[in-house]
Amino acid sequence: MKIYRLITLMFILVAFSFLAACTKDVESIESSKLKIIAAHNQTSPDTPYQTGMLKFKEVIEEESNGNMEVEVHAGTIGTEETELVEKLQLGAADVVLVSPGFMTQTGIREVDLFSVPYLFRSYEHWLQVVDGDVGKEMAQIINDKSNNSFKLLGYWTAGVRHFYGKKPLESMDDLQGMSLRTQTSGVIGYFWEATGAIPSSISWGELYQGLQQGVVDSSENAYPFFVQQSHHTTENGKFITETAHDYTTRFLLINGEKFAMYSKEQQDIIMKAAKASVTAEREATNRQDREYKEKAMSEGALVNEINREPLINLAKPIQDAFAEEIGAQEMLQDIRDLENK
């Protein structure tokens, strides 16, 4: 009987020691500084992406009184979005910025709806979509279909994409036979093929030389991106036609599984920082859209407008077919309905 009591007492002592050790470990984890690795693929310090990420860092570190730290990587752990998505999945990065096209490689095809040309008719229309019920629905799809590998923190923009090339576009007919650096596969490629252009997949890093040497006739992008790269100073880049075919969307994502492990206070701080970063990045992009347009014109680029209706009408059946292909017909209709509100 005495032996039994002795064994019981020893068991209780061991159990208490184990619980005390576990409690100490938990307290140590909670009291240690939380480090968040945040990354985007742009290497320029002047990009709005960097502005947004630095605001994210600033708010988190201020709100946490230094108990949370954000390490921002501007192209240093991946200049390709596929690399960033992989790092997010593997836990090598905690927060990344990616475009809809690259998100589809994870099997979440619905996100590519936001890439369809002329889906958004204005910046205000884009805001209504991403900041409203459609944006919430897309965020839920991303989280559900990734099994919580991805949690959306906010929608950033990369500006308004326009055509620039060796001649101005007076009408859609001017695109016939013109080689155009753009996405060559998927719905974006289908659209440009339908205009009569010949999509080319020349890499972004080689595009300046390609425009300069006539390897490609034209390209398309937002002012901050192509003017920073001096594309407008080449013979095949100096004519800018404001097609406004894409009000671009970028997804600010966090690893959802890691996020779930953070304390409620840490989660709240991250969400507050994400909201601040959305505002900062959008403001920076809109400001740079104006500034870089002026810079391009001051350096000899010629800007003209075009009647967009033929391009918009061409895009509609492509939108319909693609939405049916990915099972997003209702979302497409919801987006169109918001245009008229």
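The values are calculated or read from the model by the stated rules, or taken from the named source; none is laboratory data. Bear in mind that the values here come from a model prediction, so they are computed numbers and not experimental data. Cβ coordinates were reconstructed from backbone atoms using ideal geometry, including for glycine residues, and neighbour counts include every protein chain displayed. Side chains included, ligands, DNA and RNA excluded: accessible areas come from the protein's heavy atoms. Shrake-Rupley method; radii C 1.70, N 1.55, O 1.52, S 1.80 Å.
Could you tell me which numbered condition residue 174 fails, if it satisfies all but one of (1) in a helix (DSSP H, G or I); (2) touching a Pro at 6+ places or on another chain (Cβ under 6 Å); (3) surrounded by fewer than 22 Cβ atoms within 10 Å (Cβ to Cβ)?
Only one criterion in (1) in a helix (DSSP H, G or I); (2) touching a Pro at 6+ places or on another chain (Cβ under 6 Å); (3) surrounded by fewer than 22 Cβ atoms within 10 Å (Cβ to Cβ) is unmet by residue 174, namely (2).
Would you tally the residues in the range 217-236 being within 26 Å of the chain's Cα centre (by Cα) and closer than 21 Å to residue 117 by Cβ? Spell out how you get there, then give the answer.
Let us first name the residues in the range 217-236 that are within 26 Å of the chain's Cα centre (by Cα), namely 218-232.
In the following step, the residues that additionally are closer than 21 Å to residue 117 by Cβ were identified as 218-226, 231.
Number satisfying all stated conditions: 10.
Residue by residue through the range 84-130, note down the ones that are among the charged types (D, E, K, R) and in contact (Cβ under 8 Å) with a residue 24 or more places away in the chain.
From the range 84-130, those among the charged types (D, E, K, R) are 86-87, 94, 109-110, 112, 121, 124; that's our starting set.
87, 94, 109, 110, 112, 121 - these are the residues of the range 84-130 that are among the charged types (D, E, K, R) and in contact (Cβ under 8 Å) with a residue 24 or more places away in the chain.
Kindly indicate the residue of the range 24-36 that is at pLDDT below 95 and either of a type in the set (D, E, K, R) or open to solvent by less than 10 Å² (accessible area, probe 1.4 Å) (or both) and also nearest to residue 288 (Cα to Cα) among those meeting that condition.
Quick first cut of the range 24-36, residues at pLDDT below 95 only: 24-33.
Filter again for either of a type in the set (D, E, K, R) or open to solvent by less than 10 Å² (accessible area, probe 1.4 Å) (or both), leaving 24-25, 27, 30, 33.
Working: 24: 50, 25: 48, 27: 46, 30: 41, 33: 35 Å.
Filtering first and then ranking leaves 33.
Looking at 249, 243, which is the one that is touching a Leu at 6+ places or on another chain (Cβ under 7 Å) and closer than 27 Å to residue 123 by Cα? Spell out how you get there, then give the answer.
Numbers: 249 fails: touching a Leu at 6+ places or on another chain (Cβ under 7 Å).
On inspection, the qualifying residue turns out to be 243.
Could you say which residue among 304, 286 is over 18 Å from residue 61 (Cα atoms) and over 18 Å from the mean Cα position of the chain (by Cα)?
After ruling out the rest, the residue left standing is 304.
Let's see how each residue does on (1) among the charged types (D, E, K, R); (2) in a helix (DSSP H, G or I); (3) over 16 Å from residue 109 (Cβ atoms):
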residue	(1), (2), (3)
304	no, no, yes
307	no, no, yes
313	no, yes, yes
318	no, yes, no
325	yes, yes, no
331	no, yes, no
334	yes, yes, yes
338	no, yes, yes
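If only one of 245, 232 is out of contact with any Ser or Thr (no Cβ under 7 Å at 6 or more places or on another chain) and either closer than 22 Å to residue 101 by Cβ or aromatic (Phe, Trp, Tyr) (or both), which one is it?
The conditions single out 245.
Condition check ((1) among the hydroxyl-bearing types (Ser, Thr, Tyr); (2) out of contact with any helix residue (DSSP H, G or I) (no Cβ under 9 Å at 6 or more places or on another chain)) across all residues:
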| site | (1), (2) |
| --- | --- |
| 254 | no, no |
| 258 | no, yes |
| 270 | no, no |
| 284 | no, no |
| 298 | yes, yes |
| 303 | no, no |
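Do we have any residue at all in the range 305-316 that's open to solvent by 30 Å² or more (accessible area, probe 1.4 Å), within 22 Å of residue 159 (Cα to Cα), in contact with a strand residue (DSSP E or B) (Cβ under 8 Å, 6 or more places away or on another chain) and not basic (Lys, Arg)? Quick ask: steps written out before the conclusion?
Here is the first cut: in the range 305-316, the ones open to solvent by 30 Å² or more (accessible area, probe 1.4 Å) are 305, 307-310, 313-314, 316.
Checking which are within 22 Å of residue 159 (Cα to Cα) leaves us with 305, 307-309, 316.
Filter again for in contact with a strand residue (DSSP E or B) (Cβ under 8 Å, 6 or more places away or on another chain), leaving 305, 308.
Of the ones still in play, those that are also not basic (Lys, Arg) are 305.
Yes, the range 305-316 contains at least one residue that is open to solvent by 30 Å² or more (accessible area, probe 1.4 Å), within 22 Å of residue 159 (Cα to Cα), in contact with a strand residue (DSSP E or B) (Cβ under 8 Å, 6 or more places away or on another chain) and not basic (Lys, Arg).
Being over 29 Å from residue 105 (Cα atoms) and small (Gly, Ala, Ser) is the filter here; which residues of the range 284-302 pass it?
Answer for the range 284-302, where residues must be over 29 Å from residue 105 (Cα atoms) and small (Gly, Ala, Ser): 296, 298, 300, 301.
Please give the helices (runs of 4 or more DSSP H) falling wholly within the range 37-122 in which 2 or more residues are modelled with pLDDT of 90 or more.
Details: elements: 48-63, 81-90, 100-103.
So the answer is 48-63, 81-90.
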